[in-house]
Each structure stands twice: as C-alpha cells, then as structure tokens.
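Asks: Questions regarding the structure given below will be posed in turn.
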Amino acid sequence: MRQPSLGGYLRSRRSAVAPEQVGFPREKSRRVTGLRREEVAVLAGVSADYYTRLEQDRAVAPSMQVLHAIAKALQLSGVEREHLFALATTGVHHAMAATPWLRDSTVEGEVRPSMLRVLDALDPASPAFVIGARTRLLAYNALGAALHGDPLTRHVRNEMVWLLFKDRETRALYPDWADVARDTVGSLRRDAARHPDDPVLTELVNELAESSADFRRWWSEQHVARKGPGLKRFAHPVVGDLTLHYETLSVDDDAQRLIVYTAPAGSPAEETLQLLGTWWATVRRPL
C-alpha cells in the first residue's frame with residue numbers, strides 16, 4: 001500500500017463534503033464528487049494553484065494558519081484536523097522537526113511498571129488494556145484476558161486490527177464487528193501518519209489489504225479515528241452477551257492508551273463480569 005500523504009488525504013476529505021454543506025449550489029452538471037479544488041481554495045483563502053499543488057504533494061510545507069483554514073473549509077473533526085497536521089509534518093515533509101510524540105522512534109512501546117500496577121488494581125472489577133502504536137495490544141489484566149481470550153498467550157499477532165480481521169475468536173466476539181473494525185482501521189491510519197517509516201506497519205497494512213476487501217475499502221476511505229468513551233457489545237463464548245461502557249485515557253502524549261471497561265453497579269453486565277472472572281480463575285492461572 002502507498003505511504004500516507006497530505007495530498008491523498010485532502011482529496012479524500014474534499015470528496016466527502018457536499019457543496020450545499022458549505023454554501024455552494026449543487027449543480028446538475030457537476031462531475032466531481034464533493035467539492036472542486038477551486039471551491040476549497042476560495043473557502044480557505046488560498047490560491048487555486050497553491051491548493052492544487054498541496055493535493056499533488058508539490059507544495060512547500062504549509063503554515064499552521066493555512067492548515068487551520070483548510071481544515072475549516074473541509075469541515076474536519078478534531079481527530080481529522082490532528083491527522084491533517086500530522087501528515088503535513090511527518091507524512092510529506094520528513095525534514096521538518098516534528099513534536100516528540102509525532103517522531104517518537106519507540107514504536108514498539110514498553111508499558112511502565114506503574115501502569116501494569118494500575119491494570120492489576122482494576123482487576124477483578126474491570127477489564128483493562130494498554131494499546132500502543134499500530135493498535136498493538138501491549139498488556140491487559142486478568143479480566144481483560146478473560147474477555148478477549150488472552151491473545152498474547154495464544155501465539156497470534158497482537159495488533160488489534162490484525163486480530164479483528166484474521167483471528168476468528170476475536171471477530172466472533174463483536175456483534176457490531178464492522179463498526180469496531182472500521183474504527184480500528186481508522187486508528188491504524190492515524191498511526192501511519194505518525195510513523196510513516198515503520199516497516200512493520202507497512203507490512204501489516206499490505207497483509208490485511210491482500211486478504212480483506214473490507215480492509216482495502218476502509219483503508220482507501222482514509223477515515224481516521226481516535227478511541228474515546230462509548231459502549232461496546234460483546235458476544236462472549238462462555239458468559240454470553242454483555243454491553244460495557246469504556247473510557248480511553250491517553251498515556252505519554254497518546255503514545256499509549258489505557259482502555260477500561262466498566263458496568264453500572266448492580267446491573268446484569270456487572271453480574272456477567274463477575275461470572276466471567278470466576279470462570280477465568282478456574283481455567284487459567286493468574287497473569
């Protein structure tokens with residue numbers, strides 16, 4: 001797969017904005033999907049020639065003022081703006097000095113002992129995980145292992161995106177698999193802008209693109225996602241269906257993320273988590 005580029009991302013976001021969303025009439029003779037380059041240039045207050053060169057990756061590094069103007073013109077969300085700035089800094093202009101969290105060479109990531117103690121402290125009430133770059137599953141507590149089938153000891157790859165597409169047990173765990181998988185692809189796309197020279201990430205993208213039409217489609221959309229709070233449904237093979245709340249906490253300037261699942265006190269989901277923990281204690285040794 002091709003390296004992520006600023007121009008490619010601009011083209012994908014331009015095609016996603018309907019003219020009427022930004023005050024332009026929808027013409028029957030319009031041949032392009034979304035906005036024209038000239039229309040984006042007008043909205044952003046830059047010349048059409050300069051914007052065209054940006055989309056063709058031929059322009060010098062755009063200023064933050066220009067990037068903010070383009071982001072506003074394309075109606076980008078917070079995570080999409082962040083992705084745009086990352087591409088402008090690392091995806092196209094490698095000679096520019098990026099902020100440390102964008103240019104961190106420790107892509108593999110190590111979980112601090114104090115964070116491991118946090119995982120243990122959350123057990124047995126809450127499943128908890130630490131996720132690193134390229135959606136890499138770095139650590140989890142005992143209840144997290146029980147929920148996800150302990151992939152680190154099943155000798156499968158530990159990137160969540162790989163597990164979602166290639167591991168049958170993980171895929172079957174999510175009734176809303178398509179939504180979960182698409183957002184995880186979006187998270188991987190976000191990481192690709194921050195680590196454009198990561199050979200393992202490139203290999204991972206190529207492998208999934210070759211084997212999954214869904215991955216190819218979602219990757220080509222250039223959708224980006226940042227995990228936040230929400231609800232997630234599980235279809236666990238032992239304890240059955242449950243819906244959990246989750247929170248995502250940034251660690252080390254977003255180099256790692258702590259994800260914690262919870263259930264309201266006294267709810268059926270809390271009872272199911274307790275049953276899950278009891279079952280896991282009988283079939284596996286403590287982590």
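Asks: Assuming 0.36 nm per residue, please report the length gained on full extension of the stretch residue 247 to residue 171 beyond their Cα-Cα distance.
Replies: Gain in length upon complete extension: 25.2 nm.
Asks: In addition: Candidates (1) 24.5, 76; (2) 17.9, 52; (3) 21.2, 67; which is the computed Rg and Dmax of the Cα atoms in Å?
Replies: Working out Rg and Dmax of the Cα atoms in Å from the coordinates points to (3).
Asks: Dipole of the chain (Lys/Arg Cβ +1, Asp/Glu Cβ -1, origin at the Cα centre): which of 119, 85, 32 lies farthest to the positive side?
Replies: Looking along the dipole axis, the top candidate is 32.
Asks: As I understand it, the value is the acute angle between the Cα axis of helix 199-211 and the longest principal axis of the Cα atoms of the chain; what does it come to in degrees, rounded to 10?
Replies: For helix 199-211, the angle is close to 90 degrees.
Asks: OK, next. Longest exposed-loop-site-free stretch of the chain, with GluC sites (Glu not before Pro), DSSP loop and at most 16 other Cβ within 10 Å?
Replies: Answer - 111-287.
Asks: Through the Karplus equation 6.51 cos²θ - 1.76 cosθ + 1.60, θ set to phi - 60°, convert the phi angles of region 132-149 into ³J(HN,Hα) values in whole Hz; use x for Gly and Pro.
Replies: x, 4, 6, 6, 6, 7, 9, 6, 7, 8, 4, 5, x, 5, 5, 6, 9, x
Asks: Under 5 Å between amide hydrogens, which residues at least 5 positions from residue 139 or on another chain qualify, with H placed 1.01 Å from N in the peptide plane?
Replies: Counting only residues 5 or more places away or on other chains, the set is 130.
Asks: Let me know the charge dipole size of region 171-272 about its Cα centre in debye, to the nearest 20, where only the beta-carbon of Lys, Arg (+1) and Asp, Glu (-1) is charged.
Replies: I would put it at about 260 debye.
Asks: Now, a different point. Quick check for you: with a 1.4 Å probe and neighbouring chains kept, what is the accessible area per residue of the chain, in Å²?
Replies: 49
Asks: Using the crude model of +1 on Lys and Arg Cβ and -1 on Asp and Glu Cβ, and no other charge, please compute the dipole size for the chain relative to its Cα centre, in debye to 20.
Replies: With only Lys, Arg, Asp and Glu charged at Cβ, the dipole is about 820 debye.
Asks: Measure nothing fancy, just the Cα-based angle from helix 6-15's long axis to the longest principal axis of the chain, in degrees from 0 to 90, nearest 10.
Replies: Rounded to the nearest ten degrees, it is 90.
Asks: Continuing with the same structure: If you line up the long axis of helix 64-73 against the longest principal axis of the chain, both from Cα atoms, how many degrees apart are they, to the nearest 10?
Replies: Orientation of helix 64-73: about 80 degrees from the principal axis.
Asks: Now for a different question. Where a ≥ b ≥ c are the square roots of the eigenvalues of the C-alpha gyration tensor, would you call region 107-201 rounded, which needs a/c under 1.5, or, failing that, prolate if a/b is larger than b/c, or oblate?
Replies: Judged from the Cα gyration tensor, region 107-201 comes out oblate (a/c at least 1.5, b/c at or above a/b).
Asks: Could you please report the charge total around residue 227, scoring K, R as +1 and D, E as -1 over all other residues with beta-carbon less than 11 angstrom from its beta-carbon?
Replies: +1
Asks: Grab the DSSP H runs of the chain that are 4 residues or longer, score each as -39,500 (n - 2.57), total them, divide by all residues and round the 222 nm result to the nearest 500 deg cm²/dmol.
Replies: When only DSSP H runs of four or more count, the value is -13500 deg cm²/dmol.
Asks: Please state the charge dipole magnitude for region 148-190, taken about the Cα centre, from unit charges on C-beta atoms (+1 on K and R, -1 on D and E), reported in debye and rounded to the nearest 20.
Replies: Here the size comes out at about 200 debye.
Asks: For the chain, give the percent of accessible area contributed by carbon and sulfur heavy atoms, probe 1.4 Å, rounded to a whole number.
Replies: Carbon-and-sulfur percentage of accessible area, whole number: 53.
Asks: Under the Karplus relation 6.51 cos²θ - 1.76 cosθ + 1.60, θ = phi - 60°, what is the ordered set of whole-Hz ³J(HN,Hα) values for region 39-50, x standing for Gly and Pro?
Replies: 5, 4, 4, 4, 5, 8, x, 10, 6, 4, 5, 5
Asks: How far, in nm, would the chain grow between residue 209 and residue 235 when pulled straight, counting 0.36 nm per residue and subtracting the alpha carbon separation?
Replies: 6.7 nm
The values are calculated or read from the model by the stated rules, or taken from the named source; none is laboratory data. Quick caveat, the model's predicted, so the values are computed rather than measured. When we count neighbours, we look across all protein chains shown, and the Cβ atoms used for this are built from the backbone with ideal geometry, even at glycine. Accessible surface areas use protein heavy atoms only, side chains included; no ligands, DNA or RNA. Shrake-Rupley method; radii C 1.70, N 1.55, O 1.52, S 1.80 Å.
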